[in-house]
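Read the figures in this text as sums done on the coordinates, not as results from a lab. Source: prediction; values computed, not measured. Please note: Cβ atoms are built from the backbone with ideal geometry, for glycine as well, and neighbour counts cover all protein chains shown.
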């Protein structure tokens, strides 16, 4: 794969005890240093106008001034430093680079994956939250739509937390499909199965809130039985994966049980779905707070595109997952 990366993202300082640290990127790079066919790209940051395409003007101005004044606690969980402004724009720019590379034909071993931080999927139009300042995947999608490179974009989020920001930004849009598998009942508390979009965006949001303990078979069942047919109906030009790795069975803040092999299986299925939809495919880093599980997960995505065959999952999904998926199909009108 080719990875978007910039040292600028290391300048976002969150403090010694914060789980979202620059060590996340360092751990990923160490893991990838032992892999074949790894390429790094250092694209330019997003512009403030590109950030404003999905975020309110007042919020963008407030964030810049907050960082210029040295930063601090934006809220209880979300910490900024003087370097956060540049890092946030760079992280959004990396995501836009990945999306554009994919639309320009990069695939197979050239499939793009943006390794940016801070992450983005909790950032709503008017507010930072959940470690996120600019919504990287949203900036990427809107940038490519605005410049005419894509008419429609799908974003699939496999982070253990619901991407409330991405959903909110595009909830009334028929140009962007948002799908998420996440843990039920945890931060930020959104992402119910009945949240399917409004107005022009009705039916363009898919949420699968799985209970604690959900694993590979559960994720794959939702992807096969709900996401695949939904994307076949939507027909995106581009599929962006908001790739958080905190649903891993050994992540310190997750109660889901996705294995490292499970990420290989998910990657393989999404590659097939993108191919079937004739959609470009790009990956954007979100969460993941165990350094080993995070770096192993990213490396597994890379290895899958480098030719490694995933080991099939022999487990069956939980009955609750089957029932939820049936409900989700009904909400979206999937026959």
## Note on the structure
Of the conditions (1) touching a residue at least 12 places away in the same chain (Cβ under 8 Å); (2) surrounded by fewer than 21 Cβ atoms within 10 Å (Cβ to Cβ); (3) farther than 24 Å from residue 143 by Cα; (4) out of contact with any strand residue (DSSP E or B) (no Cβ under 7 Å at 6 or more places or on another chain), the single one that residue 76 does not satisfy is (1)
### Task
Within region 13-58, count every residue that is in contact with a helix residue (DSSP H, G or I) (Cβ under 9 Å, 6 or more places away or on another chain) and part of a helix (DSSP H, G or I).
14
### Query
Which fully enclosed strands (runs of 3 or more DSSP E) of region 139-235 have 2 or more residues being touching a residue at least 12 places away in the same chain (Cβ under 8 Å), out of contact with any helix residue (DSSP H, G or I) (no Cβ under 8 Å at 6 or more places or on another chain) and surrounded by fewer than 24 Cβ atoms within 10 Å (Cβ to Cβ)?
none
### Message
Looking only at region 84-107, how many residues end up being in contact with a helix residue (DSSP H, G or I) (Cβ under 6 Å, 6 or more places away or on another chain) and buried (at least 18 other Cβ atoms within 10 Å of the Cβ)?
### Response
9
### Task
For residue 270, work out the one condition from (1) surrounded by 17 or more Cβ atoms within 10 Å (Cβ to Cβ); (2) under 30 Å from residue 91 (Cβ atoms); (3) touching a helix residue (DSSP H, G or I) at 6+ places or on another chain (Cβ under 7 Å) it doesn't fulfil.
(3)
## Note on the structure
Selection from region 79-117 of residues under 21 Å from residue 23 (Cβ atoms), in a loop (DSSP other than H, G, I, E, B) and in contact with a strand residue (DSSP E or B) (Cβ under 8 Å, 6 or more places away or on another chain) yields 115, 116, 117
### Summary
Of the residues in region 274-295, those that are over 12 Å from residue 25 (Cα atoms) and crowded, with 21+ Cβ neighbours inside 10 Å come to 274, 279, 280, 281, 282, 283, 284, 293
